[in-house]
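Bear in mind these aren't lab numbers, they're just calculated from the coordinates by the rules spelled out. Please read all numbers here as calculations on a predicted model, not as lab measurements. Virtual Cβ from ideal backbone geometry, glycine too; neighbours counted across all protein chains shown.
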Amino acid sequence: MNASDHERARDLVLLRGIEGISAGDAKWLDSHLVECFECAAFAEELQLTTNALRSMPVTASSSLVGTTQARVRQHAADLRDREVRLFLIGISFCLGLLWSAGSMFIGWRLSAWLAERLHIAPWAIAAGVVIFWLAPAVAVAIAVLPRYPMSYHSRADWLARIEENLQ
Amino acid sequence: MVATAFSSLVPMETEEARIAGALRRRDPDVLDALIAQYQHRLLRYLMHLTANRATAEDLFQETWMRVLEKGHLYDGRSRFVTWLLAIAHNVAIDHLRRRSPASLDEMQENEDGAPFEVPDVRPSPFEQAAAKQESAQLEAALQQLPAIFREVLTLRIHEQLKLEEIAKLIHIPVATVKTRLYRGVMALRPALKGAGHERL
């Protein structure tokens, strides 16, 4: 009998309860347990532990279950609301993007036509269109950034406040 | 209960696939049924892990919230209970990290309170007293056992998970699961002998 026999025996003791072992392994194990006090003791201790732990039932109270179910339902509703909001924000963003692209194209063509009629240099018209389109965004950024500096913590606070307002 | 309800709706799907579909939809009725169905098993696992009922109850609720949020990740190819216990394991680890970064055992050392409810079913007062004493001895021994051993013991003995399932659930090699089972069982030996538990 060597160390690997004991290791094999302990593995088989662990496996036979749940995974199951073959008839040959069972026969070998039985003969090993007869001869080896240490492995037989482990098999017995495992059985005792199993019996002891199973004799200690733990039950959840009905109030715990009820509270959990209520919290989960509420949270599910919150998540659904958030998804709907995000979907609407996404739709709005896409529509805004389409509108901007379309109006930019029309504005560009219109200004080119005006430049031709009024004999203005094309570069001046192009600069005017770009400034006209970018100026509002730049103005808003200038106004907002000093108020909400984009450091990590302040941005997190800012986003949290926006989230609270949305709720 | 859940199985019966589901099987009447879609008989061709497996139970796990049906649960996965319901979790993706965040179906509140199915979640209610799952909470009711797995209440005792989940709480028992968390109580063995934390050795504290109040903490276990908090983590019980937290686990189901996590199930709701991560439900879309359950693909229905493994048993639901295994996935549920893996979520519970992660919730407990996160809880511990928030409390203290050292080890799972600090959870037990830093908290007090009744770790287990041991219903007394013995008929006579003498036997009741004896049973209480035995249970108390076993409880004390379990609480002294490091959480990593309590965890594998409960997963193996109560949940009857395979060694590979336990290894996957708590992210350790199968050999380590075997070692922890062996050491856990042997560590409980004095308490079991003292408590007079015998082979049935």
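Tabulated data
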| item | result |
| --- | --- |
| Residue-averaged beta-carbon neighbours from other chains (10 angstrom radius) around A:76-88 | 1 |
| Length-normalised contact order for chain A - Cα pairs under 8 Å, 6+ apart - percent | 9 |
| Number of partner chain Cβ atoms within 10 Å, mean per residue of B:32-42 | 4 |
| Mean Kyte hydropathy of -0.5 or more with a Cα span along the axis of at least 20 Å, helices from DSSP in chain A | A:3-18, A:37-54, A:62-118, A:122-144 |
| In nm, spacing of pseudo-spin labels at A:ARG71 and A:TRP28 (7 Å Cα→C-beta vector) | 5.0 |
| For region A:1-124, projected area of the alpha-carbon convex hull averaged over all directions, nm² | 20.3 |
| Net length gained if the chain between A:THR59 and A:ARG16 were fully extended (0.36 nm per residue, minus Cα distance) | 12.7 nm |
| Shape call, region A:3-54: gyration tensor on alpha carbons, a/c limit 1.5 | oblate |
